[in-house]
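One structure below.
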Amino acid sequence: MRQLLGGKVRTAAAAIAEFAWHGATIGMGGQNINRCPMALTHELIRQGIGGLTVLGCNLSLPLDQLAAAGLVTRTEQGSGNLERYGVLFTWRRAVERGEITVRDYSHLAMASRFLAATLGLPFLPVRSLLGTDLGRDLQRSGDVSATTDPWTGQPVLLVRACAPDLALVHASLADADGNVIIEGVSSHEVDMVTASKAAIVSAEKVLPSGAFAEHPEQVTISGAHVDAVVEQPFGAYPTSVYRHYDFDEPAIERYQSLARSGIGLAAYLRDSVTTHPDFTAELAGLRTRCAELEASMLELT
Amino acid sequence: MTTIQAPVTPRELLVFEGARQIGADERIIAGTGLPLLAALLAQRTTAPGLKLIIESGVVFPEVVPTPISVVDPRIMHSPSRLGSLLEVLGGFVQRGLVTTGFLGGAQIDARANLNSSWIRRGAEWVRLPGSGGANDIGSHCAKVVVLTTHEKRRFPQHCDYVTTPGFLDGPGGRERAGLGPLSVRVITDLCVFSGDETTGELELTALMPGVEVEDVLENTGFRPRIAAHPRAVTEPEEPELRLLREELDPRAKYFPERRTP
């Protein structure tokens with residue numbers, strides 16, 4: 001039974017220890033260079049929680065780092081890339097070697113799977129994927145089912161509901177009851193969180209219970225669907241949080257150049273993640289850079 | 001940075017010809033890069049009523065220079081709404097409210113099908129990013145525009161893997177699969193290919209300045225239909241060139257060839 005009110009504030013370490021486990025299916029928040037739940041996924045790496053299936057629309061930096069740490073066995077996604085900065089190189093290598101199994105969907109098909117679970121439905125029809133190898137592969141593996149609209153006879157594909165064991169999202173604001181405000185686009189995250197069996201949300205700031213009581217219509221995700229909240233300033237670094245800070249392009253390029261070759265990735269994870277006790281310690285040397293990223297976002301919003 | 005006097009580069013010309021494919025009052029879905037610049041150019045010149053929509057959830061933004069991602073704060077500027085992926089790809093694209101989609105891909109074949117999933121290299125398969133919203137856009141938009149560099153390996157007879165539907169197996173292919181009709185423009189640094197449901201394949205309909213039909217054939221992995229009189233793509237006037245260089249991408253984020261070392 002979810003706890004509906006109060007007492008949801010945790011450290012990232014405590015929240016991950018409580019709600020994640022070896023072999024869990026993880027609904028991954030963020031998209032490309034925006035609002036990736038870096039503080040929460042770094043905690044998965046610190047605690048070495050593996051055998052994970054990672055589910056999402058665009059899977060980005062968090063997935064690649066989890067794959068680099070050897071924690072991922074399967075992904076179901078719309079895409080695995082960082083746009084201009086390239087494909088997810090570690091994920092790609094692991095997929096090509098057969099170390100990670102993939103199920104490829106379109107973004108809308110994945111979003112429809114989350115929506116189905118959110119609505120308590122076993123499946124939803126989509127009119128995407130039709131006629132392509134993408135749709136054929138999913139039919140062959142039994143993940144989608146071809147049928148027709150009973151009223152018009154038009155072809156549709158049924159995609160199965162997707163309810164992750166645990167959703168990980170980084171947001172702008174939360175309160176102690178788990179109510180969440182996301183500024184900027186919300187990508188696939190609202191339906192993914194409401195579809196999930198448990199959810200941890202980290203936020204730039206966590207306010208006391210009742211902080212949003214005067215404007216509850218501004219709450220993006222109700223605390224009814226959130227099990228733990230973690231206050232973590234710059235918790236999406238080096239990706240951006242709209243109205244808070246810009247993404248750190250050189251840091252993303254540095255990671256991608258390591259991931260491309262695969263050489264030095266283990267040292268990178270050790271020096272920038274596992275050697276530190278928590279995410280705040282990881283950021284200790286980056287105060288000047290973080291201030292620059294705040295100033296850059298301020299100019300834009 | 002090059003001055004406004006420098007001649008238009010082949011990649012810039014892609015953007016100008018891309019902008020010319022957009023009619024007045026269209027609703028356009030585009031990622032970032034050259035397609036977004038083409039849409040913004042059209043919006044600032046021939047199609048002031050054009051509305052942009054971005055897969056991450058951005059509805060009708062006024063873009064500031066120069067976004068590099070569909071979630072870049074520069075693409076979330078002054079929109080009607082910042083919503084969700086489901087709203088955009090479901091509520092606009094699958095719902096049929098978007099007229100033209102801009103797409104890319106590692107391969108585009110004679111039937112205008114696109115591949116962004118897997119490439120065969122000998123006995124090996126090389127993994128690419130996957131569909132993202134591309135399959136949704138190619139399935140539901142009535143017009144698709146592709147801007148790409150022209151390399152033989154990018155234009156095979158058949159894609160190694162079909163991620164996004166063009167005309168599928170030819171005339172009637174989309175209808176048999178349950179999809180609506182499509183028209184396609186593929187703009188490269190050599191030419192323009194066009195296609196619609198009547199032939200279900202790409203036809204060479206225009207040539208970039210200084211390019212001959214033979215140049216296109218040598219660099220294309222299939223034998224395209226050739227229009228009786230391929231049109232010559234015209235170069236932009238100075239005001240348009242100035243708009244692209246000074247206002248839409250002033251730091252030449254997408255034109256490394258224009259950056260001074």
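The values are calculated or read from the model by the stated rules, or taken from the named source; none is laboratory data. None of these values were measured; they are calculated from a predicted model. In this analysis, Cβ positions are derived from the backbone assuming ideal geometry, glycine residues included, and neighbour counts consider all displayed protein chains.
Of note:
- Failed item, numbered, when A:Ala195 is tested on (1) touching a Cys at 6+ places or on another chain (Cβ under 7 Å); (2) farther than 25 Å from A:Leu119 by Cβ; (3) among the aliphatic types (A, V, I, L, M): (2)
- The set of residues in the stretch B:167-191 being part of a loop (DSSP other than H, G, I, E, B) and within 23 Å of B:Glu218 (Cβ to Cβ) consists of B:Thr188, B:Asp189, B:Leu190.
- When B:Val70 is tested against (1) farther than 25 Å from A:Leu55 by Cβ; (2) within 11 Å of chain A (Cβ to nearest Cβ); (3) not basic (Lys, Arg), exactly one condition is not met: (1).
- Residue check: B:Val192 meets all listed conditions (1) more than 24 Å from A:Arg103 (Cβ to Cβ); (2) over 13 Å from the mean Cα position of the chain (by Cα) but one, namely (2).
- Which listed residue, of B:Leu14, B:Leu37, is within 14 Å of another protein chain (Cβ to nearest Cβ) and outside any loop (DSSP other than H, G, I, E, B): B:Leu37
- Restricting the stretch A:279-301 to residues that are of a type outside the set (A, V, I, L, M, F, W, C) and surrounded by 11 or more Cβ atoms within 10 Å (Cβ to Cβ) leaves a set whose member that is farthest from the other protein chains (Cβ to nearest Cβ) is A:Thr280.
- Leading residue by the ranking (nearest to B:Arg95 (Cα to Cα)) among those in the stretch A:144-158 that are of a type in the set (Val, Ile, Thr) and assigned to a strand (DSSP E or B): A:Val156
- Selected residue (only one of A:Ala224, A:Ala198 is in contact (Cβ under 8 Å) with a residue 12 or more places away in the chain, in the same structural domain as A:Leu66 (by TED's automatic domain parsing) and within 16 Å of the chain's Cα centre (by Cα)): A:Ala198
- Of all residues making up the stretch A:214-256, the number that are within 14 Å of another protein chain (Cβ to nearest Cβ), assigned to a strand (DSSP E or B) and touching a helix residue (DSSP H, G or I) at 6+ places or on another chain (Cβ under 6 Å): 2
- Residues satisfying the stated conditions in the stretch B:40-62, i.e. more than 11 Å from chain A (Cβ to nearest Cβ) and part of a loop (DSSP other than H, G, I, E, B): B:Thr45, B:Thr46, B:Ala47, B:Pro48, B:Gly49, B:Leu50, B:Phe60, B:Glu62
- Sole residue being within 17 Å of B:Pro129 (Cβ to Cβ) and either within 14 Å of chain B (Cβ to nearest Cβ) or within 15 Å of the chain's Cα centre (by Cα) (or both), chosen from A:Ile26, A:Ile33, A:Ile45, A:Ile16: A:Ile33
- Pick from the stretch A:159-197, criterion part of a loop (DSSP other than H, G, I, E, B) and on the phi > 0 side of the Ramachandran plot, ranking: nearest to the other protein chains (Cβ to nearest Cβ): A:Gly184
- In a residue-by-residue description of the stretch B:210-221, the property of being in contact with a Cys (Cβ under 7 Å, 6 or more places away or on another chain) and either part of a helix (DSSP H, G or I) or among the polar types (S, T, N, Q) (or both) applies to at least one position.
- Test: B:Thr234 is modelled with pLDDT of 95 or more, β-branched (Val, Ile, Thr) and within 25 Å of B:Lys152 (Cα to Cα): yes
- Residue that is farthest from the other protein chains (Cβ to nearest Cβ) [pool: residues in the stretch B:106-132 that are on the phi > 0 side of the Ramachandran plot and touching a residue at least 24 places away in the same chain (Cβ under 8 Å)]: B:Ala112
- Within the option set A:Asp137, A:Asp133, A:Asp149, being without any contact (Cβ under 8 Å) to a residue 24 or more places away in the chain and out of contact with any Lys or Arg (no Cβ under 8 Å at 6 or more places or on another chain) holds for one residue only, A:Asp133.
This table checks each residue for (1) surrounded by fewer than 22 Cβ atoms within 10 Å (Cβ to Cβ); (2) within 11 Å of chain B (Cβ to nearest Cβ); (3) of a type outside the set (S, T, N, Q); (4) under 17 Å from the mean Cα position of the chain (by Cα).
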| residue | (1), (2), (3), (4) |
| --- | --- |
| A:Ser106 | no, yes, no, yes |
| A:Ser112 | no, yes, no, yes |
| A:Phe123 | yes, no, yes, no |
| A:Val126 | no, yes, yes, no |
| A:Leu129 | no, yes, yes, no |
| A:Gly135 | no, yes, yes, no |
| A:Gln139 | yes, no, no, no |
| A:Asp149 | yes, yes, yes, no |
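- Taken as a whole, the condition of being surrounded by fewer than 16 Cβ atoms within 10 Å (Cβ to Cβ), of a type outside the set (Asp, Glu) and at pLDDT 95 or above applies to A:Arg254.
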